[in-house]
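First the structure, in the form of structure tokens, and then the observations on it.
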Amino acid sequence: MDPRTLASVVLALLVTACSGVTPPVTETASRPATTTAATPSATPTGATIWRPKPGLTWQIQYSGTLVAGKAKVVDVDGHETSVATVAKLKRSGKRVICYFNAGGWENFRPDKAAFPKAVIGKKLDGWPGERWLDIRAVDVLLPIMTARIDECATKGFDAVDPDNMDGWQASTGFPLKPADTLTYLAALSEVAHARGLAIGLKNSVELVGDAAPLVEFAVNEECLSYHECATYAPLLRSGKAVFHVEYSGSMKSICARIPKGFSTVRKHLSLSAWRKAC
């Protein structure tokens, strides 16, 4: 059997096995093996997947008391954000993105013991309590990540934002390659879409072209600082949003240099409530 066909069968079996929904939490590159089933326009129940357009205002906040303001899109921690908060944001006409760490292990998460030691790698520089994951172990990680995506769906989120998908660029302890990210993203995309959730590409700018069929939007950190913003042109041309954050620089300079159609904010690295937008 062709390796790509085998990978597709394995992913399909894994998703089927892990499709149970967890109870709601009330407290606060080469192309991948599977792409054909990863971008349905609707769930089996007919709920249309959100497809954010370029230019939407947004807020990204993972610490402190949430201040969404007039932003139309809000990206918050999926586990720490309550059902009530998601519902309140949606009642006010906002779309809500569920952040979770797809490529890193965190010692402060309630499911930390679910990860076998073999898939936990080196420390993420600058982020205490976090370590890289071996994303090649899709069969091991997908059930855990499916439970996290289920939590996002149960709480009423519109989309998921899987972080730390670019481990091939870091010292992880594993020989990761860009193709590993694409295969893993394809699996996560299929799970998210099956639950009616959009999914974004977090950073990994080198994979924008190959990942475009798998995602509805992108989330980028500091593409201006790294002179990479032009890489997102294919997504913008296809009508997909690019939610962009810079952690340094003047607003005048930032807003003058971003590509047309970007949704850009200036934030502190702590991703607290403070926000300035173009």
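Things worth noting here:
- In region 45-55, the residues that are crowded, with 17+ Cβ neighbours inside 10 Å and either closer than 16 Å to residue 161 by Cα or at pLDDT below 95 (or both): 49, 50, 52
- Region 251-268 residues that are assigned to a loop (DSSP other than H, G, I, E, B), paired with ones that are of a type in the set (Gly, Ala, Ser) (beta carbon under 6 Å, 6 or more apart): 261/55
- Residue list for region 49-79, restricted to those being of a type outside the set (Val, Ile, Thr), in a loop (DSSP other than H, G, I, E, B) and under 16 Å from residue 149 (Cβ atoms): 50, 78, 79
- Test: residue in region 135-154 that is surrounded by 18 or more Cβ atoms within 10 Å (Cβ to Cβ), part of a strand (DSSP E or B) and of a type in the set (A, V, I, L, M): no
- Among residues of region 143-167 that are more than 19 Å from residue 204 (Cα to Cα), those with a Cβ under 6 angstrom from a residue that is assigned to a strand (DSSP E or B) and of a type in the set (D, E, K, R), sequence gap 6+ or separate chain, pair up as 158/95.
- Selection within region 84-123 - part of a loop (DSSP other than H, G, I, E, B), exposed (fewer than 14 other Cβ atoms within 10 Å of the Cβ) and among the hydrophobic types (A, V, I, L, M, F, W, C): 108
- The single residue among 26, 81, 65 that is surrounded by fewer than 12 Cβ atoms within 10 Å (Cβ to Cβ), of a type in the set (Ser, Thr, Tyr) and at pLDDT 95 or above turns out to be 65.
- Of everything listed in (1) within 21 Å of residue 211 (Cα to Cα); (2) more than 17 Å from the chain's Cα centre (by Cα), the single unmet condition for residue 93 is (1).
- Qualifying residue in region 121-132 (condition: touching a helix residue (DSSP H, G or I) at 6+ places or on another chain (Cβ under 7 Å) and either at pLDDT below 95 or of a type in the set (A, V, I, L, M) (or both)): no
- Of all residues in region 220-250 being in a helix (DSSP H, G or I) and out of contact with any Pro (no Cβ under 9 Å at 6 or more places or on another chain), the one that is surrounded by the most Cβ atoms within 10 Å (Cβ to Cβ): 231
- Residue within region 201-219 that is in contact with an Asp or Glu (Cβ under 7 Å, 6 or more places away or on another chain), at pLDDT 95 or above and part of a helix (DSSP H, G or I) present: yes
The values are calculated or read from the model by the stated rules, or taken from the named source; none is laboratory data. As the structure is a computational prediction, the values presented were derived from the model and not from experiment. Cβ coordinates were reconstructed from backbone atoms using ideal geometry, including for glycine residues, and neighbour counts include every protein chain displayed.
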